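Just below is one structure, and these are the notes that go with it.
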Amino acid sequence: MVEIIKKSSIWIILITLSVIIYFVPIKIPNNVSSVGRIYPTKRWVLYAGTNGQIMASLKDIKAGITNEFSAREFVRGDDVRFVINSELFEREFVNKYDTIGFINSLSTSSLLTSYKSQLDVYNALLKVKLSGNKKEDIEIAEKKLQLAILDSEVQKKRFDRQKKLYEEDVIPEQEFETQEKLANLKIIQAELNKAELESLTVGEKPEEINYIKAQIDQLKSDIRDLETKVNLQTLISPISGTFRNTYSRDTLIMIEDVSELIVKVPVVLSFRPYMYLGQKFNCTIEGQNSPIEAEIIHIGNSVKYMQAQQYLLVTCKIEKPEKDTYSGAIVVGKLKGDPITLKQYASRIVKTFSR
């Protein structure tokens with residue numbers, strides 16, 4: 001009899017619990033605890049490549065994409081130096097379009113100097129063509145021609161050496177082309193000096209003057225192109241933000257836009273039906289007590305597997321960042337879901353244990 005009463009009591013309790021769970025409209029909190037990390041919305045990184053390149057990337061961490069990527073290639077064997085703008089060391093904040101540093105290439109500088117020298121020669125020659133001739137001018141032109149011929153011969157020998165190295169795959173094509181251009185420029189200069197001397201002794205022709213003017217225009221165009229290249233080697237910050245210390249060997253500079261902060265939070269996949277945009281994530285920085293309020297602005301659609309569980313990565317925007325809210329800090333908190341009934345809660349437990 002006692003056993004029958006005990007069994008009946010158990011069944012009565014189970015039936016009563018079932019009735020309460022399925023029919024009584026009691027709701028319980030539906031929150032999920034998680035650990036996240038604070039990030040800036042954008043990050044610009046300048047770093048050195050494995051083959052001597054200087055590269056930069058601008059990443060929109062909020063959207064999860066790289067907005068901009070650039071790389072500057074240099075001739076192998078070229079003397080390239082990167083100098084950081086010393087003014088940046090005196091302040092922590094960098095404004096958009098501030099000069100970050102300068103890249104100096106000996107190859108580019110040499111070619112630009114050579115073009116400018118050629119332009120001076122053409123301008124001088126044009127001036128001579130358009131003015132009267134003097135004995136002193138002829139003597140000067142003869143000496144210029146001698147020096148130009150000697151200079152072109154030296155450059156020709158240098159180019160021949162570079163040509164052999166190029167054919168043996170010792171130097172890259174870009175360096176070979178640079179030496180070839182310099183050799184051609186020296187030859188042109190000698191021809192110009194010869195033409196200058198001839199014009200002084202024989203007389204000028206209208207077509208020669210037009211030719212000189214055309215060469216002047218071409219040189220000006222080449223100089224503008226090289227000066228544009230030099231300007232591109234002046235690195236400008238694409239965002240406003242703060243420096244972040246980095247101890248990586250290849251990372252030169254890192255700037256973070258902290259005008260807006262976000263939190264990346266992994267949330268268990270089973271909680272996905274209860275997540276929505278605008279949902280609150282209340283947290284604190286690990287080791288601190290100051291509350292941080294954030295809300296979901298993006299729910300990832302790629303599942304990550306960590307610690308034997310499946311997670312979705314959720315992006316939350318911090319509503320009012322405080323001064324002690326630092327990029328890179330770890331936060332702990334709860335994602336607040338809408339309350340659920342006992343029936344929904346029991347169903348979730350059954351599904352969990354049935355897996």
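Since T315 meets every condition but one in (1) more than 22 Å from K62 (Cα to Cα); (2) open to solvent by less than 30 Å² (accessible area, probe 1.4 Å), which condition does it not meet?
Condition (1) is where T315 drops out.
Of all residues in segment 53-62, count the ones that are open to solvent by 50 Å² or more (accessible area, probe 1.4 Å) and touching a residue at least 24 places away in the same chain (Cβ under 8 Å).
Within segment 53-62, residues that are open to solvent by 50 Å² or more (accessible area, probe 1.4 Å) and touching a residue at least 24 places away in the same chain (Cβ under 8 Å) number 1.
Does any residue of segment 290-312 turn out to be within 30 Å of D98 (Cα to Cα) and in a strand (DSSP E or B)?
No, that holds for no residue.
Identify all residues within segment 83-98 that are of a type outside the set (F, W, Y), in contact (Cβ under 8 Å) with a residue 60 or more places away in the chain and either within 21 Å of V230 (Cα to Cα) or part of a helix (DSSP H, G or I) (or both); write none if there are none.
Correct list: I84, L88, K96, D98.
Can I292 be described as hydrophobic (A, V, I, L, M, F, W, C) and modelled with pLDDT of 85 or more?
Taking the combined requirement at face value, the residue satisfies it.
Could you list, in sequence order, all residues of segment 240-280 that are of a type in the set (A, V, I, L, M), in a strand (DSSP E or B) and either touching a Cys at 6+ places or on another chain (Cβ under 7 Å) or open to solvent by 60 Å² or more (accessible area, probe 1.4 Å) (or both)?
Across segment 240-280, the qualifying residues are L252, I262, V263, V265.
Of the numbered conditions (1) at pLDDT below 80; (2) closer than 20 Å to S114 by Cα; (3) of a type in the set (D, E); (4) out of contact with any helix residue (DSSP H, G or I) (no Cβ under 7 Å at 6 or more places or on another chain), E167 fails exactly one; give the number of that condition.
Here E167 clears every test but (2).
If I filter segment 225-239 down to residues being among the hydrophobic types (A, V, I, L, M, F, W, C) and farther than 14 Å from S105 by Cβ, which single residue comes out as most open to solvent (accessible area, probe 1.4 Å)?
Going through the qualifying residues, I end up with I236.
Do we find a residue being within 30 Å of N85 (Cβ to Cβ) and either touching a Ser or Thr at 6+ places or on another chain (Cβ under 9 Å) or not β-branched (V, I, T) (or both) anywhere in segment 280-299?
no
Is there a residue in segment 35-57 that is touching an Asp or Glu at 6+ places or on another chain (Cβ under 6 Å) and at pLDDT below 80?
yes
The values are calculated or read from the model by the stated rules, or taken from the named source; none is laboratory data. None of these values were measured; they are calculated from a predicted model. Cβ coordinates were reconstructed from backbone atoms using ideal geometry, including for glycine residues, and neighbour counts include every protein chain displayed. What goes into the accessible areas is simple: the full protein's heavy atoms, side chains included, and nothing from ligands, DNA or RNA. Shrake-Rupley method; radii C 1.70, N 1.55, O 1.52, S 1.80 Å.
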